[in-house]
Amino acid sequence: MEDNIKCISTSCTLDCWDSCSIVAKVKDNKVLAIKGDPRNHVTGSFLCKKGMKHIDMMNHPDRLRKPLVKENNEWKETTWDEALDLVAYRLDELRKTYPTTALLHWNHGGNVGLLKNIESRFFNAYGGVTVPVGSLCAGAGNEAQRYDFGRPLSHDIKDVVNSKTIIIWGRNPMNTGVHMVPFLKEAKKKGAFIILIDPIETETRKLADFYIAPYPGTDGALALTIANVLIKEGLADNEFISKYTLGFEEFKEYVDQFTLEEGSSITGVPKEDILFVAEKYSRNKPSAIISGFGVQRYTNGGYTIRAIDALGAITGNIGIKGGGVNYNNRIMDDYVDYDFLLGESLRKHHRTVTRPKFADFLLTEKDPEVKILFITRANPITQCMDTQKMIKAFEKVEFKVTIDMFKTDTANLSDVILPCRHFLEDVNVICPSACHNYLNLCNPVVEPDPWVPSELWIFNELAKRLNLDNFPIKDHYWWIGRVLKPLKELKGISLEDLKNGPIDIAGADRIPWENRKFKTPSGKFEFYSTTAKEEGFEPLPIYKPISVRPSKEYPFYLLTPHTKDSLHSQHFVMTGEGEIPVAYINREVALELNLLEGDLAEVYTETGSLKCKIEYSENLRNDVIMIYEGWWLQKGGGVNKLIPEKYSGIGKHAAYYECVCNIKKVSH
């Protein structure tokens, strides 16, 4: 090792599938390079394109280094004392005049880390505020698996090499989960048969042996049709069903209507393809399902995940090596003192807003009206549905504070922007991802130069100014030790252990539900969920058609998936001048509409319009237009201008994909 060069263990904080363990090479307070930490067997070999941008993001010339306050609609740099005094004054005046629910704290998962949740304790110690419930990300599926299994848990992706059949359902690991790909390739070498189910023929098609493309929003009907085939053709694991499941007879009666003819009619998938998938999945075991978030971005999304879960239970592909219905991974729930971290018992007031209805809430709620918005780790102006309505609602609020590294679309419409640290400058704990069980400590790699505070420092300073008795003014390491007490008690893993590098808290060979003891009220896998029924939903995984279909006025489905180049909107700060979003369209359809590659076109819906550049995609269905989400408004983007406010009941999840559109050429 060269003189004065250090290798420091940390972890990526992007809210993606992989939560990569990282080793940073540092000299003289400068990060020379970052790479995957080989001690994490899943992510240790390489970093993705987004991961390789971390150093550029940290050193980006547009990064904010000083607080900004808006005066006469112009931004002015100010000192930290002045900015925090102003924010504290406004918070103090609000609590003297209104219930503290007149403050709405909006956060989400732009960057993750256990200590990010300290902000919730701050606002609960403040008195309790209006907080979002529901999801723009994975909420419908999380709730669905809570009904079925009691908790979302996934196999370590290494286990996929034990699978003989793998169904990748609505997920695109070639673009948005690249550390899964080597394990899928290894599984193929060992003879695994890979089936891809997706309305978009993504890059992951290159890995698949068989591909089907259902109509958008019909995945639930496809799963229920497969379930009916499994039952009718004698392909069910009756021993597993009788011993470890609840409500199978009710489920069997319900799916009887989903004949091959009916399922094919609803989904557009040929009968023989449905039959082939059913037989392959049940006969060529063990079989794994790897489910993505796209299938639950419809109003029927929660029921769809429940229907997919049911396939694993019918065939006994639960609790075995090479099996599982892998969606998300809440393995840390038992090891974190969330009661202390979140401080919900401290609040005197409490009110919720459904995330997908954020704009509507701000415009209509009067009891009390929202007077202050405090935004952390989120960019709702870009990422929430119906952007123009969102802007109108945002501007209605008297005082808005955003903590961010950049002047995002949301920060730009605020009154105060408080800069914060990049994760390479900060301390945090990153919980296991959806595809592995490694717990990572973000050790501070460099000190920010010029100095920028952590979010914890900001909340400590505000707590001092507001005299919040129940918000401990402590450093990161105190908080980590305190909230990870259960981990120390149950697993014997300490903060000092984490400082040395990633720790697999479960073991790579752990198989979820191997003991067949589920976290549901019955202790079984529940086809029929009394919890769902008590919470106002259908107890069975039913199929509900989505609310829109292509028509003469709007002949295309609009799908807005994630790009491999950015985590939602974050990396679009790097977008160059003159670039505009791309609308991908089937070549034959485009030529019929006289749209040539490179043409400027307007994509429009009942909600709004967006100018895009045309690019052909041979792999798109002829009834789909695709535009990647995340592009900033101030850089010519804003695909959510096109998306109406709709959401699923289960999980209160944004139905981004439940949208139809049209397209026309426009002159330059």
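Of all residues in segment 106-117 being among the hydrophobic types (A, V, I, L, M, F, W, C) and over 22 Å from Glu395 (Cα atoms), which is most open to solvent (accessible area, probe 1.4 Å)? Walk me through it before giving the result.
If we filter segment 106-117 for residues that are among the hydrophobic types (A, V, I, L, M, F, W, C), which is where we start, we get 106, 112, 114-115.
Restricting the remaining residues to those that are over 22 Å from Glu395 (Cα atoms) gives 112, 114-115.
Details: Val112: 34, Leu114: 6, Leu115: 17 Å².
Per the stated criteria, the residue is Val112.
So in segment 640-668, with the set limited to residues that are part of a helix (DSSP H, G or I) and open to solvent by less than 40 Å² (accessible area, probe 1.4 Å), which one is nearest to Asp599 (Cα to Cα)?
Across segment 640-668, the extreme among qualifying residues is Leu642.
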Spot the failing condition for Gly637; the list is (1) open to solvent by less than 10 Å² (accessible area, probe 1.4 Å); (2) in a loop (DSSP other than H, G, I, E, B); (3) closer than 25 Å to Pro132 by Cα, and only one is missed.
-> (3)
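Residues that are in a strand (DSSP E or B) and at pLDDT below 95: does segment 106-115 have at least one?
Initial filter on segment 106-115 (in a strand (DSSP E or B)): 106-107, 111.
If we keep only those that are at pLDDT below 95 too, we end up with 111.
Yes, that holds for at least one residue.
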So Gly523 clears everything in (1) in a loop (DSSP other than H, G, I, E, B); (2) surrounded by 17 or more Cβ atoms within 10 Å (Cβ to Cβ); (3) at pLDDT 95 or above except one condition, right? Which one?
-> (2)
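Have a look at Thr531, Thr607 and point out the one that is touching a residue at least 60 places away in the same chain (Cβ under 8 Å), assigned to a loop (DSSP other than H, G, I, E, B) and within 25 Å of the chain's Cα centre (by Cα). Before you say what the answer is, go through the steps one by one.
Working: Thr531 fails: assigned to a loop (DSSP other than H, G, I, E, B).
None of the others qualify; the one that does is Thr607.
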Residues in segment 142-163: is at least one of a type in the set (D, E, K, R), in contact with a strand residue (DSSP E or B) (Cβ under 9 Å, 6 or more places away or on another chain), assigned to a helix (DSSP H, G or I) and open to solvent by less than 20 Å² (accessible area, probe 1.4 Å)?
-> yes
Could you tell me which numbered condition Leu498 fails, if it satisfies all but one of (1) open to solvent by 20 Å² or more (accessible area, probe 1.4 Å); (2) touching a residue at least 24 places away in the same chain (Cβ under 8 Å)?
-> (1)
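Does Glu538 meet the test of being closer than 21 Å to Gln296 by Cα, at pLDDT 95 or above, open to solvent by 20 Å² or more (accessible area, probe 1.4 Å) and touching a Lys or Arg at 6+ places or on another chain (Cβ under 9 Å)? Quick ask: steps written out before the conclusion?
Values: closer than 21 Å to Gln296 by Cα: yes; at pLDDT 95 or above: yes; open to solvent by 20 Å² or more (accessible area, probe 1.4 Å): yes; touching a Lys or Arg at 6+ places or on another chain (Cβ under 9 Å): yes.
Answer is yes for this residue.
Please find, among Leu84, Leu103, Leu94, the residue that is buried (at least 24 other Cβ atoms within 10 Å of the Cβ) and farther than 29 Å from Ala208 by Cα.
Numbers: Leu84 fails: buried (at least 24 other Cβ atoms within 10 Å of the Cβ); Leu94 fails: buried (at least 24 other Cβ atoms within 10 Å of the Cβ).
Answer to the selection: Leu103.
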Condition broken by Val483, with the remaining ones in (1) in contact with a helix residue (DSSP H, G or I) (Cβ under 6 Å, 6 or more places away or on another chain); (2) modelled with pLDDT under 95 satisfied = (2)
For the subset of segment 599-615 comprising residues that are crowded, with 18+ Cβ neighbours inside 10 Å and in contact with a Phe, Trp or Tyr (Cβ under 8 Å, 6 or more places away or on another chain), which member is farthest from Phe572 (Cα to Cα)?
-> Thr605
Are any of the residues in segment 568-578 more than 25 Å from the chain's Cα centre (by Cα), open to solvent by 10 Å² or more (accessible area, probe 1.4 Å) and either of a type in the set (Phe, Trp, Tyr) or closer than 21 Å to Ala655 by Cβ (or both)?
-> no
Filtering segment 1-55 down to residues that are assigned to a loop (DSSP other than H, G, I, E, B) and over 26 Å from Ala434 (Cβ atoms) yields Met1, Glu2, Asp3, Asn4, Asp28, Asn29
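Suppose the filter is over 30 Å from Phe572 (Cα atoms), open to solvent by 10 Å² or more (accessible area, probe 1.4 Å) and within 32 Å of the chain's Cα centre (by Cα); does Arg39 pass it? Steps first, please.
Numbers: over 30 Å from Phe572 (Cα atoms): yes; open to solvent by 10 Å² or more (accessible area, probe 1.4 Å): yes; within 32 Å of the chain's Cα centre (by Cα): yes.
The answer is yes for Arg39.
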Of these, Pro541, Pro444, which one is more than 29 Å from Phe340 (Cβ to Cβ) and part of a loop (DSSP other than H, G, I, E, B)?
-> Pro541
Do we have any residue at all in segment 424-439 that's surrounded by 24 or more Cβ atoms within 10 Å (Cβ to Cβ), under 30 Å from Ile503 (Cβ atoms), among the charged types (D, E, K, R) and over 21 Å from the mean Cα position of the chain (by Cα)?
-> yes
Answer yes or no as to whether Ala24 is at pLDDT 95 or above, among the small types (Gly, Ala, Ser) and open to solvent by 30 Å² or more (accessible area, probe 1.4 Å).
-> no
Would you mind telling me which numbered condition in (1) open to solvent by 20 Å² or more (accessible area, probe 1.4 Å); (2) touching a residue at least 24 places away in the same chain (Cβ under 8 Å) Phe399 fails?
-> (1)
Gln388 meets each of (1) open to solvent by 10 Å² or more (accessible area, probe 1.4 Å); (2) within 28 Å of Asp85 (Cβ to Cβ) with one exception, condition (2)
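Kindly indicate whether any position in segment 63-80 is open to solvent by 30 Å² or more (accessible area, probe 1.4 Å), hydroxyl-bearing (Ser, Thr, Tyr) and not in a helix (DSSP H, G or I).
First, pick out the residues of segment 63-80 that are open to solvent by 30 Å² or more (accessible area, probe 1.4 Å): 65-66, 70-77, 79-80.
From what's left, hydroxyl-bearing (Ser, Thr, Tyr): 79.
Then keep just the ones that are not in a helix (DSSP H, G or I); that gives 79.
Within segment 63-80 (the criterion being open to solvent by 30 Å² or more (accessible area, probe 1.4 Å), hydroxyl-bearing (Ser, Thr, Tyr) and not in a helix (DSSP H, G or I)), the answer is yes, since at least one residue qualifies.
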Which residue pairs have Cβ atoms closer than 6 Å, lie 6 or more positions apart in sequence or on different chains, and pair a first residue in segment 614-642 that is closer than 22 Å to Glu658 by Cβ and aromatic (Phe, Trp, Tyr) with a second residue that is open to solvent by less than 10 Å² (accessible area, probe 1.4 Å) and modelled with pLDDT of 95 or more?
-> Trp631/Pro581; Trp631/Gly637
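Would you call Ser569 touching a Phe, Trp or Tyr at 6+ places or on another chain (Cβ under 9 Å) and closer than 23 Å to Glu645 by Cβ? Reasoning before the result, please.
Working: touching a Phe, Trp or Tyr at 6+ places or on another chain (Cβ under 9 Å): yes; closer than 23 Å to Glu645 by Cβ: yes.
Taking the combined requirement at face value, the residue satisfies it.
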What are the residues in segment 463-495 that are in contact (Cβ under 8 Å) with a residue 24 or more places away in the chain and among the β-branched types (Val, Ile, Thr), if any?
-> Ile480, Val483, Ile493
Tally time: how many residues in segment 616-634 are of a type outside the set (Asp, Glu), surrounded by fewer than 24 Cβ atoms within 10 Å (Cβ to Cβ) and under 20 Å from the mean Cα position of the chain (by Cα)?
-> 4
What single numbered condition from (1) free of Cβ contacts under 8 Å to residues at least 12 places away in the same chain; (2) surrounded by fewer than 16 Cβ atoms within 10 Å (Cβ to Cβ) fails to hold for Arg510?
-> (1)
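The values are calculated or read from the model by the stated rules, or taken from the named source; none is laboratory data. Keep in mind it's a predicted model, so treat the numbers as computed, not measured. Positions of Cβ are backbone-derived with ideal geometry, glycine not excepted, and every protein chain shown enters the neighbour counts. Just so you know, the surface numbers come from the protein's heavy atoms only, side chains and all, with ligands and any DNA or RNA stripped out. Shrake-Rupley method; radii C 1.70, N 1.55, O 1.52, S 1.80 Å.
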